[in-house]
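Here the structure is laid out as C-alpha cells; the discussion comes afterwards.
The values are calculated or read from the model by the stated rules, or taken from the named source; none is laboratory data. Note that the structure is a prediction, hence the values are computed from the model and not measured. We place every Cβ from the backbone using ideal geometry, glycine too, and count neighbours over all the protein chains shown.
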Amino acid sequence: MKKNDIIRCLKAHKEISDYQLIIRNKDSRELFYVLDHLEINRAVKTATTIINVYVSNEKFTGSSTVTVTSADDVKSLDKKIKDAVKKAKDVKNLYYPLPPKQEQVTEKRTKKEDLNAIAGNVARAVFAADVYKEGWLNSTEIFVSNTDTQFLDSKGTKHEAESFSIGVEVIPTWSKNGEEIELYKYYESSALDYKAITKEIDELLQNARERADAVTPKKVKLPKDLKVLVKNDMLQLILDTISFDINYRNLYFKENHYNLKDEISGSRFSLTMKPVIKGCARSARFDEDGIVLKNTRIIKDGKVEKLWGSNRFAYYLKKKVTGNLPLMELEGPRSEYKNEKHLIIENFSSPQLEETSGYWGGEVRLARYFDGEKYIPLTGFSISGNIYEDLKTVELSGENAILPNYKGPKYLIFKGIKIH
Amino acid sequence: MLNKYLKANIPAAKALVKELRKTYDYASILGSYVLVKRIVVGTANSAIDELESECGFVVKVYKDGRYKEYSCDSLEGLKAKDIVRAVNLKNVCSSEFNVKMLEEKEHVEDFLREDPDKISDKEIVRRLTEIKDDMHKNEKVINTNCVYIKRETSKIFVSEKKCLTQKYDWINAMLVVVTRDGNKIKDNYHAEGEASSLKALNLLKKDSKNVLDIAVRLLDAGPIKPGKYTIITDPSISGLIAHEAFGHGVEMDMFVKNRAKARDYVGKYVASPIVDMYDGAKGVVSAASYFFDDDGVEAHKTQIIKKGILQTGISDSLSALTLGTEPTGNGRRESYKRKVYTRMTNTYFGKGNDKLEDMIKSVKHGYFLFQTNNGMEDPKNWQIQCTASYGLEIKDGKLTGKIVSPVVISGYVVDLLSSISMVSDKVKVIGSGMCGKGHKEWVYVSDGGPYLKAEAKLG
C-alpha cells in the first residue's frame, strides 16, 4: 500500500492524537552451504510497515500497533485503524507526549551493488580460509542485505536511512584421532571487507583445531585467583546489562542496581553510548521514536555519569531524552596480562547473565590457559560469578575489537571467577 | 476460517506454478498469513498490538539438482521471469551437488482448528488487570507484566499435485513478577499455552499465587554449590532436557551436515531403558501442532527414543531427499521471509510408572528443579547446558525449604539420559516455548514430559 494512502487513512480518524509510520524495505540474497556445496539459494524482497496509533488525554496515553500487510487495501486498513483507536483507548499508560519534530536524517548509499555478485564474493572470501586437511566448514550461511528504513510521524519528523549488512554463520569442524568437534560463529558487519571475512573464518578454524586438542581443567590444575578473560558475545552481554541497568526504563521500574554517581568499578573505565561506529552492523542515526541520536557518555572513571533512555521514560522521570542508542564504546586504562598465568574463554555454549541477581557464566566449549610458558586449550567446564561484584575489579585488555554493537578492548579481564 | 486473502490467491498461485514449470522441473508456493494479537497489562506499561502479524509467500523451484527460493509480500503482478532473475546466480561458488527432486502425490485437503472462545479485548484487559493488581498487594513486588497472545495462522500450499489449506489458533497467557528487597532483585514467570483463550486465562489466574510466592522466596535464594547431585525435574525441565539435550541432535538437517552424533547411534542405547521420547505436530495439540509443514508435508508423530534406544530422527523435505528417508513433517520457517529448516514441534518424554512422592522420598541429597530459564544444544559433541530458574533442596527424602537460583545443568547427554532412574506416571506438555536454531530462526514449540529422577552436574 502506498505511503500517502496510509497517511490519508490515519488523518481521517480524528480521535488519533498522534501516529508514527515505519516502513522497512529489505532486499537480500542468501546462500546456504553444506560443506562447500551450495544447497539452496534464496532471494528476499519484502516490506514491513508498522503504524503506531496514539490516543491521549490529560491523564493517559494509550497506544496500539498495527502491521500493514499485502492483504490490506484502503478499506481493511481503515477498519484496522478504527480498531486500533478503540484498543488504544483501553490502554491506560500515564500521559507522555511524542517527541517534538526532529531535524531530518537522510542517509542514502551512493552505490548499490549487485547483491547476487556480493553474495558470491563473500562466499569466495569465506571458502578461501577453508584450506585445512583436518578441519573444514561444515555448514555456512551467507546473508547480504540492503535495507531502506523510512520513519515519519504526526509531529512532522521524517527520516530515511539506507543500510547494508553482511551476515555469515559458520560451523567449523576439526577432526583428530577419528573424533570430530565443532564450534559456532555468527559474523556480522556493515563493511564490505573480504579480507577481514577470510581472516575471521581462518581464526575460527584455528579455534576448532584447538578445541580438538583441548583437555579438561583437571589435567592442568588451574591456580586460584586466575585472571579470566572474556570477549565477543559475553563481553557484549555484560556491557548491555550494565548500560541497560541505568536506562530510564529500568530506573522507572526500580529494577536498577546503580544510580547517578554510583561507583560500578574501581577500574577507571568509561562507556559511551553511540549511534554510529564504523564497521558496527547495528549503527542507526535515529531510534524507534524518531529521536536523532548523539554520543552520550554514561560511565566515566568507573562511576555512573549520566542516565539515558527513550522518550517515554525520560518524560516520566523528567530527564533529558537521549533516545535508545544502539552502540557502545568502552575506553579506559589497559592492563597487561600476557606475562602471567591467565585463562581466555574463546567460546561459550551459550553465555548467560541474569540481570536481576547478577549471576553470569556458562558452559565453556573452548578456553585457552596460559601456564606461564604456553597456551593449553581447555574444554568441558563451566565458569560462574556475580557480575555486580566481579565488575568492581575488572580490567581492560590492550587489544581492541569491533563487534556488531561495540568498539573497545577485546577482552574484559576478571579475577576470582568460579571455575567448575 | 482460512484467511480470505490467502484463499483468493490460490488461483494466482496455481497460475504462477504453471508458468514456473516452463523453466523449472518443480515449483511450489507457500502462502502464509499470521495474525498475532498481543495484550500486555503491566505495572506501568500496557499495550495492545499486532506487531508480529505478517502476510507473504515463498516460491520454491528446482532444476539441475538444486532448489532456489523467492520470498515476497504479494503474488500480484509477480511474473515467473522476475523470480528467475532474482534467484539466478552467476558465477556460483560451489562444488558439484545434486539433491533429488520432490516427488509429490495428489493431495487436496483443508484443515481448521480455531479458538472456541469469543472474548473481547476489554474483558481480557480486565482479567489481566485483576492478576496484576493481586500481585501488587505484596509490597515486595516492583513490576508485573501480564500478557495474552493469540496467534491465528492461515497457510496455503500449492504445487502441481497439491492444494492444501490450514487455519489454526494458539493462545499463550504469561505472567512475569519482579520482586525487590533492598538491593536484591529477582523475577519469576509462568506461561500457559492452550487452544482456548478462556482456558489459558483461567489457568494463569490459578497459577498466579504460586508465581508470586516463588518470586518472593527467590529473594532469599543463593547460588548452588557446584557439584554432582541427584535431581528431580519438573515437566518444564524434563521438556528442556528433551529439547536441548536430545531434540536438536536428531534434527536430520544436522545428519546431512554430519553435525549430529545421533546419526551414529540409531538402534543403540542413548538413555535408560525406562525412557521414551516423542516429537510431532500430530502427537498432541499444543503450540506446534499443525496439519502440514512449510514444505507441504503432512504432520507426523515420531517416536525418537523407545525403551532407551534411539529409533529415528525428524526431518524436513530437503534433508530427507538428501538422506533418502521419508520427511516427517518437521520443515518449519520462522516466517515467510526465512528458509525452512528441520525443526522440533512438540517434544516430550513419555510417561513412566512412578509416583512423584516416591521419587522425592528416594533422594538422599539433591535438588528438585523447576522452570525453564535457558538452554543450548551441542548436537555434534552432545554437551548440554540447561538452566532451571530455581531448585529446592531435598535431604533424606524431604524438601528442606532451601531454595537456590539459577541452577545450570551441564555434562554429557548420554550420561544424563542414562542416569534416569525414575519416571512419573503423568505427562504435561507445556505449549509456551520458543526455539532458535543456533542463535536465530525462532519458532514456537512445546516441550514437556513427566517428572524425572536422574544424576547431574549442577552449577
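May I ask you to verify whether B:Lys137 is exposed (fewer than 12 other Cβ atoms within 10 Å of the Cβ), away from every other protein chain (no Cβ under 12 Å) and either within 23 Å of B:Ala215 (Cα to Cα) or out of contact with any strand residue (DSSP E or B) (no Cβ under 6 Å at 6 or more places or on another chain) (or both)?
yes
Residue-wise test of (1) away from every other protein chain (no Cβ under 14 Å); (2) under 22 Å from B:Ile384 (Cβ atoms); (3) of a type in the set (S, T, N, Q); (4) surrounded by fewer than 24 Cβ atoms within 10 Å (Cβ to Cβ).
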residue: B:Arg263; (1), (2), (3), (4): no, yes, no, yes
residue: B:Asp276; (1), (2), (3), (4): yes, yes, no, yes
residue: B:Ala287; (1), (2), (3), (4): yes, no, no, no
residue: B:Phe292; (1), (2), (3), (4): yes, no, no, yes
residue: B:Ser317; (1), (2), (3), (4): no, no, yes, no
residue: B:Thr328; (1), (2), (3), (4): yes, no, yes, no
residue: B:Arg332; (1), (2), (3), (4): yes, no, no, no
residue: B:Tyr336; (1), (2), (3), (4): no, no, no, yes
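Take B:Ser53 and tell me if it is at the interface with chain A (Cβ under 7 Å from one of its Cβ atoms), out of contact with any strand residue (DSSP E or B) (no Cβ under 6 Å at 6 or more places or on another chain), surrounded by 15 or more Cβ atoms within 10 Å (Cβ to Cβ) and in contact (Cβ under 8 Å) with a residue 12 or more places away in the chain.
no
Just to check your reading of the model, which residue among B:Thr400, B:Thr372 is of a type in the set (Ser, Thr, Tyr) and surrounded by fewer than 23 Cβ atoms within 10 Å (Cβ to Cβ)?
When all the criteria are applied, what remains is B:Thr400.
Within the range B:59-84, how many residues are within 25 Å of the chain's Cα centre (by Cα) and either facing chain A (nearest Cβ under 8 Å) or under 22 Å from A:Ile50 (Cβ atoms) (or both)?
2
Starting from residues that are part of a helix (DSSP H, G or I) and buried (at least 18 other Cβ atoms within 10 Å of the Cβ), keep the ones in the range A:122-135 and report whichever is nearest to the other protein chains (Cβ to nearest Cβ).
A:Ala123
Could you tell me whether A:Ala123 is at negative phi, touching a strand residue (DSSP E or B) at 6+ places or on another chain (Cβ under 8 Å) and free of Cβ contacts under 8 Å to residues at least 12 places away in the same chain?
no
Which residues, taken from the range A:141-185, are aromatic (Phe, Trp, Tyr), closer than 30 Å to A:Asn52 by Cβ and within 18 Å of the chain's Cα centre (by Cα)?
Scanning the range A:141-185 gives A:Phe143, A:Phe164.
Please determine, by comparing only the residues of the range A:350-400 that are under 26 Å from A:Arg268 (Cβ atoms), β-branched (Val, Ile, Thr) and more than 14 Å from chain B (Cβ to nearest Cβ), which one is surrounded by the most Cβ atoms within 10 Å (Cβ to Cβ).
Per the criteria, the residue is A:Val394.
If the Cβ limit is 7 Å and pairs must be 6+ apart or interchain, which residue in the range A:143-163 that is on the phi > 0 side of the Ramachandran plot pairs with which residue that is modelled with pLDDT of 95 or more?
A:Gly156/A:Lys101
Which condition from (1) within 14 Å of chain A (Cβ to nearest Cβ); (2) crowded, with 24+ Cβ neighbours inside 10 Å is the one that B:Gly239 breaks?
Single failed check for B:Gly239: (1).
Tell me, which strands (runs of 3 or more DSSP E) lie completely within the range A:136-191 with 3 or more residues that are facing another protein chain (nearest Cβ under 10 Å)?
Those strands (runs of 3 or more DSSP E) span A:158-176, A:179-182.
Return the residues of the range A:310-359 that are basic (Lys, Arg) and free of Cβ contacts under 8 Å to residues at least 12 places away in the same chain; say none if nothing qualifies.
A:Lys318, A:Lys320
Looking at A:Leu343, A:Leu330, A:Leu325 in this structure, which one is modelled with pLDDT of 95 or more and in a loop (DSSP other than H, G, I, E, B)? Don't jump to the end; show me each part of the working.
Numbers: A:Leu343 fails: in a loop (DSSP other than H, G, I, E, B); A:Leu330 fails: in a loop (DSSP other than H, G, I, E, B).
None of the others qualify; the one that does is A:Leu325.
Of all helices (runs of 4 or more DSSP H) completely enclosed by the range B:182-297, which ones contain at least 3 residues that are over 20 Å from the mean Cα position of the chain (by Cα) and under 25 Å from B:Asn143 (Cα atoms)?
Output list reads B:197-217.
Only one of (1) assigned by TED's automatic domain parsing to the domain that holds A:Cys280; (2) in contact (Cβ under 8 Å) with a residue 60 or more places away in the chain; (3) touching a Phe, Trp or Tyr at 6+ places or on another chain (Cβ under 8 Å) is not met by A:Val304, so which one is it?
(2)
Can you tell me which residue among B:Lys228, B:Lys268 is within 14 Å of chain A (Cβ to nearest Cβ), of a type in the set (D, E, K, R), over 27 Å from B:Tyr444 (Cβ atoms) and surrounded by fewer than 22 Cβ atoms within 10 Å (Cβ to Cβ)?
Just a single option satisfies the conditions, and that option is B:Lys228.
Pick out the one residue from B:Val423, B:Val340, B:Val414 that is within 12 Å of another protein chain (Cβ to nearest Cβ) and either among the hydroxyl-bearing types (Ser, Thr, Tyr) or on the phi < 0 side of the Ramachandran plot (or both).
B:Val340
Of all the strands (runs of 3 or more DSSP E) wholly in the range A:1-115, which have at least 2 residues that are closer than 30 Å to B:Asn98 by Cβ?
In the range A:1-115, the matching strands (runs of 3 or more DSSP E) lie at A:18-34, A:37-56.
Does the range B:380-397 hold any residues that are surrounded by fewer than 24 Cβ atoms within 10 Å (Cβ to Cβ) and not charged (D, E, K, R), and which are they?
B:Asn381, B:Trp382, B:Gln383, B:Ser389, B:Tyr390, B:Leu392, B:Gly397
Could you tell me which residue of the range B:104-120 is modelled with the lowest pLDDT, considering only residues that are in contact with a Phe, Trp or Tyr (Cβ under 9 Å, 6 or more places away or on another chain) and charged (D, E, K, R)?
The residue in question is B:Glu104.
Taking the criterion of being touching a His at 6+ places or on another chain (Cβ under 6 Å) and more than 13 Å from every other protein chain (Cβ to nearest Cβ), would at least one residue in the range A:212-227 satisfy it?
yes
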